[in-house]
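Below you'll find the structure, written out as structure tokens, and then a few comments.
The values are calculated or read from the model by the stated rules, or taken from the named source; none is laboratory data. Every value quoted in this text rests on a predicted model; they were computed, and no experiment measured them. Methodologically, a virtual Cβ is constructed for each residue, glycine included, from the backbone with ideal geometry; neighbour enumeration extends over all protein chains shown. Only protein heavy atoms, including side chains, enter the accessible area calculation; ligands, DNA and RNA are left aside. Shrake-Rupley method; radii C 1.70, N 1.55, O 1.52, S 1.80 Å.
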Amino acid sequence: MRRVVITGLGTISPHGIGTPAFWNALLEAKSSTAALTLFDPSAFDSRVAGQVPAFKTTDYVPKSYRKATKIMARDIELAVIAADLAVRDAKLLTKAVASTVTNLDELKQTGWHAPNPARVGCNIGAGLICADLNELAAALVQAKNPDNTFSLAKWGKSDDPGKTSGMESLTPLWLLKYLPNMLACHVSILHDTQGPSNTITCGQASAGLALAEAARTIQRGNADLALVGGCESKLNPMALMRWCKLNRLSTHCNDIPATACKPYDVHADGTVLAEGGAVLVIEEYEHAKARNATIYAEVVGIGSSANAAQSVIDPDPAGEAPAVAIQKALKDANLTPNDIHLIVPPGYGIATWDKSDAAALHAVFNTNIPPIAPVRAGIGDCGAGAQALDLAAAALALQSQTLPPTANTTQPLADLPITTHKTSTSLMHALILATALGGQNSAIVLKRVH
């Protein structure tokens, strides 16, 4: 079995753009949730969000590709930026990177590597991208009847030769902004990844499932490297309305937004919508070793499951399905629960889901649960990007041999050992668990590589 390691990290989150900003914020137990400003949330019960700081996508693509940024929804932009950061962190001279370099030979002498495009895959998790409501509303105005009702006929063809129809008011490439597979599409075009590619749309478990598929591809010998992860922006009126009606969001911290997300805390009253994610470079171990790549961690265990008999609104109180995913990952890694030294769990801050996670952990680890570091405490939930950030955090913890503290959680439920201080310690294996609100579960075990 070919070994798979992580050799590049690219993160974009409310903590900032780039891995240093992300990791430093975690080590400081910083909360970056704040008042929502991307649109007016005054009509909603929850007005808190985890927003990515301002960015220009054109700073992260070659000049020849800048026109394409006009047909990128925000989710796509996040993935493109994260991928650029990841390949540069891995010192890969992909097509996009090489086009910005004047002296390739000089870079190669300093350890940069030009991979064979046919041996590079791309598996990225994505959500269902929300259409730009202002853009769509302007088009709908062109398709209304005199009584302001919608006319499907006028949407397709205007009855006034001097006016455009609703559909004609949109750019011909409009749909390409909102297809979930466009994240992997743009990333693979930019970096010329010609190996196996796929898009996973399984909510908060997407990134782990994407990594799992790509890792198996490498293990089978069908690729040497892959760009994996997930990104999503849930900061739009439709998502906010939906999650408010499902009673998933914190509504008591609008005046103190930094404290809104309290994973596994007895006082938690809901989660916070966010945006962000990460792209990781995973690579066959001997391939990475031959080019003297920096290795953050090794992927040694993969497990998944689904809450088939449960409601999509409420989880199984016993946490049976997440426990199955964990057990599968441990078996795949040939480890016992006692071999795990760190858990990065979902940590929504939604009482029913947090209790389900706690039940799953107790079912697997009994009373010997290792330290738990929920990354989302200071970020919120960014859907398909959530587990990607969790994976990046776990890899950094293993590499630095450091437990990051947790923001906001002061009274843990169910005797969970939530990390409270930055701690230097011996870490060999980390478990990253994702429980998607749609019922999918993903568990990944990472190992420190000496």
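Taking the empirical scaling 2.2 N^0.38 Å for compact globular proteins as reference, the chain has a Cα radius of gyration ratio of 0.98. Taking all protein chains into account, the per residue accessible area for the chain stands at 41 Å² (1.4 Å probe). In terms of distances greater than 21 angstrom between alpha carbons, the cross-link table entries 328/447; 289/422; 108/289; 289/447; 177/234; 30/56 yield 289/422; 30/56.
Could you work out [θ]222 nm for the chain from helices alone, using -39500 (n - 2.57) per DSSP H run of at least four and dividing by all its residues? Round to the nearest 500 deg cm²/dmol. Show your work: numbers first, answer last.
Numbers: 13 runs with 132 residues, N = 450.
-8500 deg cm²/dmol, from helical runs alone.
Work out, in µm²/s and without decimals, the Stokes-Einstein translational diffusion coefficient of segment 333-450 at 25 °C, 0.890 mPa s, Rh from Kirkwood over C-alpha pairs.
Numbers: Rh = 14.3 Å.
Taking Rh from Cα pairs, D becomes 172 µm²/s.
Please work out whether segment 87-222 counts as rounded, prolate or oblate from its C-alpha gyration tensor, where a ≥ b ≥ c are the square roots of the eigenvalues and a/c under 1.5 means rounded, while otherwise a/b larger than b/c means prolate and anything else oblate? Prolate, because a/c is 1.5 or more and a/b exceeds b/c. Within segment 380-450, report the trypsin sites (Lys or Arg not before Pro) that DSSP leaves as loop and that have at most 13 other Cβ atoms within 10 Å. Sparse-neighbourhood loop trypsin sites (Lys or Arg not before Pro): 422. Along its first, second and third principal axes, ordered by size, segment 122-170 spans 47, 20, 16 Å in Cα coordinates.
List the trypsin sites (Lys or Arg not before Pro) in segment 37-73 that DSSP assigns to loop (not H, G, I, E or B) and whose Cβ has at most 12 other Cβ atoms within 10 Å. Which are they?
Values: sites: 47, 56, 63, 66, 67, 70; in loops: 47, 56.
Listed in order of number, the matching sites are 56.
Overall, the anisotropy analysis places segment 392-450 in the oblate class: the square-rooted eigenvalues a ≥ b ≥ c of its C-alpha gyration tensor yield a/c not less than 1.5, with a/b not exceeding b/c.
Looking at the square roots a ≥ b ≥ c of the eigenvalues of the Cα gyration tensor of segment 364-403, which shape do they give, rounded for a/c under 1.5, prolate if a/b is larger than b/c, or oblate?
Details: a/c = 2.18, a/b = 1.33, b/c = 1.64.
Oblate, since a/c reaches 1.5 and b/c is not below a/b.
Seen from residue 37, the other residues with C-beta closer than 13 Å to its C-beta sum to a net charge of -1, counting Lys and Arg as +1 and Asp and Glu as -1.
Placing unit charges on each Cβ (+1 for Lys and Arg, -1 for Asp and Glu) gives the chain a dipole about its Cα centre, and among 439, 202, 413 the Cα reaching farthest toward its positive end belongs to 202.
Considering all C-alpha pairs of segment 1-102, those separated by over 21 Å amount to 48%. The ratio of the alpha-carbon radius of gyration of segment 216-340 to the globular-protein estimate 2.2 N^0.38 Å is 1.41.
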